[in-house]
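What follows is a set of notes on a single structure, which appears directly below.
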Amino acid sequence: MSDLDYLKRLHRNPSPLLLELEQRGHADDIPIVDRETGRLLSTLVHAMQANRILEIGTAYGYSTLWMALAMPPAGRLWTIDPDTSRTAIALDFLRRAGKFDQVNVLNQPALEVLPTFPVRNLDIVFIDAVKTEYEEYLALTVPLLKRSGLVVVDNLLWHGRAAANPASGDADTTIAIRNFNRTFLNHPQLDATIVPVGDGVGIGARIE
Ligand SMILES: C[S@@+](CC[C@H](N)C(=O)[O-])C[C@H]1O[C@@H](n2cnc3c(N)ncnc32)[C@H](O)[C@@H]1O
């Protein structure tokens, strides 16, 4: 058995609602985070008792629900996605989880929302939307984090394509992820690392 299979079997199943949403996402071919990434988000939110969370890229709200379920009762989560047909499903699951009142869905492109986003001292920013915009999301959200707050970023291995030998035919997304990874790991205001969980998760703590 591989290490990953061993760990998959060892962990408890997520709650029935998370499982239902996970299955719905897979059935509809929605690019939701891997289950282990959801678990990691949940642990981070619990550890930090994160009260203010910003997510970029809601889709059906699978990662949103992992984080919302781990938030303290006074916590708030803002999540951005212009696709209202997807976020309607997210809102339905959040309502069923009793988390509807703690979550605000913003149905606009992130680059329209972020320059005037009014909340400061965020505990966690989770980035999981347009890969070619990751560098801009990072530049716009690091100033919104509290000192010691975390920016968490999904898909930094980009399904094996980031690590492949660079070639002239590489897609813009692959090039964007490689560039982002260098920026992220060398960011002067972050202590950042990328861990091989799911599709590669970046975790950066604001230190300045
Ligand atoms: C990878 S999915 C998010 C998955 C979600 N975080 C999860 O794990 O359940 C990316 C989402 O980004 C959304 N998106 C596309 N353009 C966007 C934009 N300009 N700003 C914010 N979100 C965008 C898409 O509609 C899509 O639902």
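Just one of VAL130, VAL113, VAL125 is touching a Gly at 6+ places or on another chain (Cβ under 9 Å), surrounded by fewer than 19 Cβ atoms within 10 Å (Cβ to Cβ) and closer than 27 Å to ASP172 by Cα; which is it?
Details: VAL113 fails: touching a Gly at 6+ places or on another chain (Cβ under 9 Å); VAL125 fails: surrounded by fewer than 19 Cβ atoms within 10 Å (Cβ to Cβ).
Every option except VAL130 fails the conditions.
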Open item on the list: Conditions first: (1) surrounded by fewer than 19 Cβ atoms within 10 Å (Cβ to Cβ); (2) of a type in the set (A, V, I, L, M); (3) within 18 Å of PHE126 (Cβ to Cβ); (4) within 16 Å of the ligand (Cβ to nearest atom). ALA47 passes all but one, so which condition is the exception?
Closed with: (4)
Task: Criterion violated by VAL33 - all others in (1) farther than 21 Å from VAL142 by Cα; (2) in contact with a helix residue (DSSP H, G or I) (Cβ under 7 Å, 6 or more places away or on another chain); (3) in a helix (DSSP H, G or I) satisfied - done: (3)
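For ASN186, indicate whether it is in contact with a strand residue (DSSP E or B) (Cβ under 9 Å, 6 or more places away or on another chain), polar (S, T, N, Q), farther than 21 Å from ASP81 by Cβ and surrounded by fewer than 18 Cβ atoms within 10 Å (Cβ to Cβ).
Numbers: in contact with a strand residue (DSSP E or B) (Cβ under 9 Å, 6 or more places away or on another chain): yes; polar (S, T, N, Q): yes; farther than 21 Å from ASP81 by Cβ: yes; surrounded by fewer than 18 Cβ atoms within 10 Å (Cβ to Cβ): yes.
Yes, satisfied.
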TODO: Would you confirm whether any residue within region 144-152 is in contact (Cβ under 8 Å) with a residue 24 or more places away in the chain and over 18 Å from GLU55 (Cβ atoms)?
DONE: yes
- [ ] For region 56-76, enumerate the residues that are touching a strand residue (DSSP E or B) at 6+ places or on another chain (Cβ under 6 Å) and within 21 Å of GLU20 (Cα to Cα).
- [x] THR58, THR64, MET67, ALA68
- [ ] Go over the candidates LEU40, LEU21 one by one and state the one that is surrounded by 18 or more Cβ atoms within 10 Å (Cβ to Cβ), within 14 Å of the ligand (Cβ to nearest atom), closer than 26 Å to GLY149 by Cβ and of a type outside the set (Lys, Arg).
- [x] LEU40
Open item on the list: touching a helix residue (DSSP H, G or I) at 6+ places or on another chain (Cβ under 9 Å), closer than 30 Å to PRO188 by Cα and touching a residue at least 12 places away in the same chain (Cβ under 8 Å): which single residue out of ILE124, ILE89 fits that description?
Closed with: ILE124
Task: Of the criteria (1) modelled with pLDDT of 95 or more; (2) over 24 Å from TYR60 (Cβ atoms), which one GLY198 fails - done: (2)
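The values are calculated or read from the model by the stated rules, or taken from the named source; none is laboratory data. Not measured: the values here are computed from a predicted model. No Cβ is skipped: glycine too gets one built from the backbone with ideal geometry, and neighbour counts run over all protein chains shown.
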